[in-house]
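> Below: one structure in structure tokens.
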Amino acid sequence: MATDFSAFLKEHKKEQVEEEYAVSKAFVDENGDPVKWRFRAITTEKFNKIKESCTKMKQIPGKRGQYRQETDIDLLNNKMIAACTVYPDLLNTKLQDSYGVSTPEELLYSMVDNPGEYSDLLAFVNDLCGFDMSLEDKAEEAKN
């Protein structure tokens, strides 16, 4: 089945939508229900910039003048989550000050300090950014 080429034009590209997720049981509304945070997937370009900021050249032991790239995966994951977070605003200085931190990444670690909840949040963000599906799964989803 042939698809009209116009489907690839920018004006026909679907926009990323925000998704809600209850990150932690520690943040509840007046009824005691977990408050949902809002997230939006980042672009490939943004992800690559984040990855580059988390990658350093390390000298190979015993190999004079030879280096390899090493990516700090924990920092990459934390920066990716922070970049995808729409609400609460992790750049808000009042929020940062209340936790005694000065970056969105530090704030994220302070707010979501339960390792299980943080792990679940990372899985949610990975899923949101498309890291959850194989190429075959994506092809099947596109058919539907």
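> Quick one: which strands (runs of 3 or more DSSP E) lie wholly within the range 1-68 and hold at least 2 residues that are closer than 22 Å to Tyr118 by Cα and in contact (Cβ under 8 Å) with a residue 60 or more places away in the chain?
19-21
> Another question, then. Would you be able to say whether some residue in the range 74-83 is open to solvent by less than 70 Å² (accessible area, probe 1.4 Å), over 19 Å from Tyr21 (Cα atoms) and not aliphatic (A, V, I, L, M)?
no
> Can you go through Lys51, Lys63, Lys13 and tell me which one is surrounded by 10 or more Cβ atoms within 10 Å (Cβ to Cβ) and not hydrophobic (A, V, I, L, M, F, W, C)?
After ruling out the rest, the residue left standing is Lys51.
> A further question on this structure: Ser102: in a loop (DSSP other than H, G, I, E, B), open to solvent by 60 Å² or more (accessible area, probe 1.4 Å) and modelled with pLDDT of 95 or more, yes or no?
Answer is yes for this residue.
> Right, here's the next one. Examine the range 71-81 for a residue that is touching a helix residue (DSSP H, G or I) at 6+ places or on another chain (Cβ under 8 Å) and closer than 21 Å to Phe27 by Cα, and state whether such a residue exists.
Going residue by residue through the range 71-81, those that are touching a helix residue (DSSP H, G or I) at 6+ places or on another chain (Cβ under 8 Å) are 71, 75-81.
If we keep only those that are closer than 21 Å to Phe27 by Cα too, we end up with 78, 81.
Yes, some residue in the range 71-81 is touching a helix residue (DSSP H, G or I) at 6+ places or on another chain (Cβ under 8 Å) and closer than 21 Å to Phe27 by Cα.
> List pairs: first in the range 99-121 and within 13 Å of Lys79 (Cβ to Cβ) and of a type in the set (A, V, I, L, M, F, W, C), second open to solvent by 40 Å² or more (accessible area, probe 1.4 Å) and in a helix (DSSP H, G or I), Cβ under 6 Å, 6+ apart or cross-chain?
Leu107/Tyr99
The values are calculated or read from the model by the stated rules, or taken from the named source; none is laboratory data. Computed from a predicted model, the values in this text were never measured in an experiment. Cβ: placed from backbone, ideal geometry, glycine included. Neighbour counts: every protein chain shown. To get the accessible areas, we keep the full protein, side chains included, count just its heavy atoms, and leave off ligands, DNA and RNA. Shrake-Rupley method; radii C 1.70, N 1.55, O 1.52, S 1.80 Å.
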